[in-house]
1. Limited to segment 37-50, what total is found for residues that are of a type in the set (Val, Ile, Thr) and part of a helix (DSSP H, G or I)?
2. Within segment 4-53, can you find the residues that are within 30 Å of Arg70 (Cα to Cα), more than 11 Å from the chain's Cα centre (by Cα) and not β-branched (Val, Ile, Thr)?
3. Being touching a residue at least 60 places away in the same chain (Cβ under 8 Å) and assigned to a helix (DSSP H, G or I) narrows it down to one residue among Ser34, Ser8, Ser16; which is it?
4. Do we find that Phe63 is open to solvent by 90 Å² or more (accessible area, probe 1.4 Å), part of a helix (DSSP H, G or I) and among the aromatic types (Phe, Trp, Tyr) in this structure?
5. Applying the selection to segment 28-54, what residues are surrounded by fewer than 12 Cβ atoms within 10 Å (Cβ to Cβ) and more than 26 Å from Ser16 (Cβ to Cβ)?
Amino acid sequence: MRLGPNISASLLYGVSWILLCAAVLMAVLAGLTSLGFVNLPISVRTDLIGAAVCALLALVSRFAARRFERVAYLP
């Protein structure tokens, strides 16, 4: 299936928001776990690494979406 640049850019922007929200949620859970408010079976370090990976993937997908938007409006 071949998607146009406009649809691909919209999908990538949506994915970037989902990944960014997941990164924030993971960082908040890591902070609450380190303060002792929440008891999770995963370590704080692993949670923070996951949050960083999600944030980086969100930035990459936003970059790709901007590139698709530029390609869509070229003459």
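1. Start the filter on segment 37-50 by keeping residues that are of a type in the set (Val, Ile, Thr), which leaves 38, 42, 44, 46, 49.
Applying the additional criterion that residues be part of a helix (DSSP H, G or I) yields 44, 46, 49.
Number satisfying all stated conditions: 3.
2. Once the filter is applied, which keeps residues that are within 30 Å of Arg70 (Cα to Cα), more than 11 Å from the chain's Cα centre (by Cα) and not β-branched (Val, Ile, Thr), segment 4-53 yields Gly4, Pro5, Asn6, Ser8, Ala9, Ser10, Leu11.
3. Values: Ser34 fails: touching a residue at least 60 places away in the same chain (Cβ under 8 Å); Ser16 fails: touching a residue at least 60 places away in the same chain (Cβ under 8 Å).
Testing whether each residue is touching a residue at least 60 places away in the same chain (Cβ under 8 Å) and assigned to a helix (DSSP H, G or I) leaves just Ser8.
4. yes
5. Answer for segment 28-54, where residues must be surrounded by fewer than 12 Cβ atoms within 10 Å (Cβ to Cβ) and more than 26 Å from Ser16 (Cβ to Cβ): Leu35, Gly36, Phe37, Asn39, Pro41.
The values are calculated or read from the model by the stated rules, or taken from the named source; none is laboratory data. Just so we're clear, the structure is a prediction, and the values are computed from it rather than from any experiment. So basically every Cβ, Gly included, is an ideal-geometry build from the backbone, and we count neighbours across all protein chains shown. Surface areas here come from the heavy atoms of the whole protein model, side chains and all, with no ligands, DNA or RNA. Shrake-Rupley method; radii C 1.70, N 1.55, O 1.52, S 1.80 Å.
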